[in-house]
Ligand code: CTP
């Protein structure tokens, strides 16, 4: 579940202690986890434990009393790929059923744009009560997935149905939710992605490069991995890390090296996304020793680098090819020309004129132009959201 964003709501029941194990399972699988606690649940599990295990601050109140910052339920709703509430008490269940909204967790539930999965936990008589059954039915009708409580020994000492499903069971249901959402046209497919800058050597200690961080390409890789695709990520020098069983990360330095890796893998690929900021030129001669300074000027003669994307587009057999363009003027007509010249299916265009867009930022503002003369412009968004938009566009395109 690399990169999947799991929002975990914890309500005030004894089973809350088991949530520590659930957080561990989710984190181990690569998911990003954020937690919201109802005020009552911190009597059952310490927010410090939750925050430490999830590696994120914990939301409890609408306002953090210490610094006055706002825990924005709408932002939680936008962030989450799935909302899991475990344990779900009879009290919170009843409030969900009627749309009550008197704490951060409930306001977040009402703001949720994605699936909510709940694991109720209560004493056997409470669980068997007609009110509980009615409320469960109601939230199921509202689209919530309910993981039934299990039978066994309860905190009251009684034996019966009411125990929260085991963390492993909840984890499997979350995993199944993500697999279910994978598009069969992407799952199992091979995607080649280029990312980051290239460094073109001048001498053993110097290079020509650019400010690309690789964030956009890595975010796209995460989206494809979430769809169950196999990804070969050809990355220029970048500080970013990505680990996933379906990922082959190949680190290169120069455009020439990038081209060679692309050429080796291209036949086997179904999709190619060329997000790298490849240097168009490289020094004609690479000095074997460090160039010593002298009193006069230094001229470095540059020669043209191979265009990796052009090669891929020209050698396209079955692949869908997506290029990037960074334009500063005549945006659409330049991008359109690149679609034709490089034989692309579509091009993602961004411009440095947009505040917060481009190299190094966590955000980007793009337009997509395709070879069927469609153009779509998007708002300024995080690079993860932009990656999501690109993959969603691809799904519509194919
Ligand atoms: N690209 C590439 N190899 C190169 C240069 C660019 O693969 N040697 C790819 C980039 O990864 C990107 C697209 O081509 O997907 C960018 O196209 P390009 O024609 O280089 O445009 P810009 O760099 O945006 O600008 P310019 O118009 O100056 O060429």
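What follows is calculated from the coordinates using simple rules that are stated; it is not laboratory data. If you're wondering where the values come from, they're calculated on a predicted model, not measured in any experiment. Backbone-built Cβ (ideal geometry, glycine too); neighbour counts: all protein chains shown.
How many percent of all Cα-Cα pairs in region 190-397 sit more than 20 Å apart?
Details: 12253 of 21528 pairs.
Distances greater than 20 Å cover 57 percent of the Cα pairs.
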Which translational diffusion coefficient, to the nearest whole µm²/s, is obtained for the chain from the Stokes-Einstein equation, given a Kirkwood hydrodynamic radius over C-alpha pairs, 37 °C and 0.692 mPa s?
139 µm²/s
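Give, in nm to one decimal, the length gained when the segment between residue 315 and residue 288 is fully stretched (0.36 nm per residue of separation minus the Cα-Cα distance). Before the final figure, lay out the partial values.
Details: separation 27, 0.36 × 27 = 9.72 nm, distance 3.44 nm.
Extra length from residue 315 to residue 288 when fully extended: 6.3 nm.
Based on the mean of other Cβ atoms within 10 Å per residue, sort peptides 74-86, 316-328 so the most packed one is first. Display every interim value, and only then the final one.
Details: 74-86: 21.1, 316-328: 18.2.
Peptide ranking by packing, descending: 74-86, 316-328.
So how much slack lies between residue 70 and residue 341, counting 0.36 nm per residue of separation and subtracting their Cα-Cα distance, in nm? Write down the numbers at each step before the final one.
Working: separation 271, 0.36 × 271 = 97.56 nm, distance 4.95 nm.
Value of the extension gain: 92.6 nm.
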R0 = 56 Å: FRET efficiency of residue 48 with residue 374, Cβ-based, nearest 0.05?
0.65
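What does the convex hull of the Cα atoms come to per residue for region 118-215, in Å³?
Details: hull volume 20.9 nm³, N = 98.
Measuring per residue, one finds 213 Å³ for the Cα hull of region 118-215.
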Order these by the 10 Å Cβ neighbour count, fewest first: 183, 142, 102.
102, 142, 183
Determine, for each peptide in 288-297, 59-68, the mean count of other beta carbons within 10 angstrom over its residues, then list the peptides with the highest first.
59-68, 288-297
Could you work out how far the C-alpha centroid of region 139-172 sits from that of region 239-293, in angstrom?
50 Å
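If you build the convex hull over the alpha carbons only and average its shadow over all orientations, what do you get for region 268-310? Give it in nm² to one decimal. Working shown, then result.
Details: hull surface 20.3 nm².
Value for region 268-310: 5.1 nm².
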Region 289-368: antiparallel DSSP beta bridges as a percent of all, rounded to 5:
40 percent
Listed with the fewest Cβ neighbours within 10 Å leading, 202, 48, 252 appear as 48, 202, 252
How high is the relative contact order of the chain, in percent, counting Cα pairs under 8 Å that sit 6 or more residues apart?
11 percent
Once the Cα atoms of helix 167-180 and of the chain are each reduced to a long axis, what angle between those two axes, in degrees from 0 to 90 to the nearest 10, is obtained?
50 degrees
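What does the helix-only formula give at 222 nm for the chain: each DSSP H stretch with n ≥ 4 adding -39500 (n - 2.57), the total divided by the residues, and the result rounded to the nearest 500 deg cm²/dmol?
Working: 13 runs with 129 residues, N = 398.
Per the formula, -9500 deg cm²/dmol.
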Over region 173-258, calculate the relative contact order: mean separation of alpha carbon pairs under 8 Å at least 6 apart, over the residue count, as a percent.
33 percent
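Compute the normalised compactness of region 5-181: alpha-carbon radius of gyration over 2.2 N^0.38 Å, N being the residue count.
Details: Rg = 15.0 Å, N = 177, 2.2 N^0.38 = 15.7 Å.
Relative to the 2.2 N^0.38 Å estimate, region 5-181 comes out at 0.96.
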Scoring region 190-397 by relative contact order with C-alpha pairs under 8 Å, at least six apart, yields a percentage of 20 percent
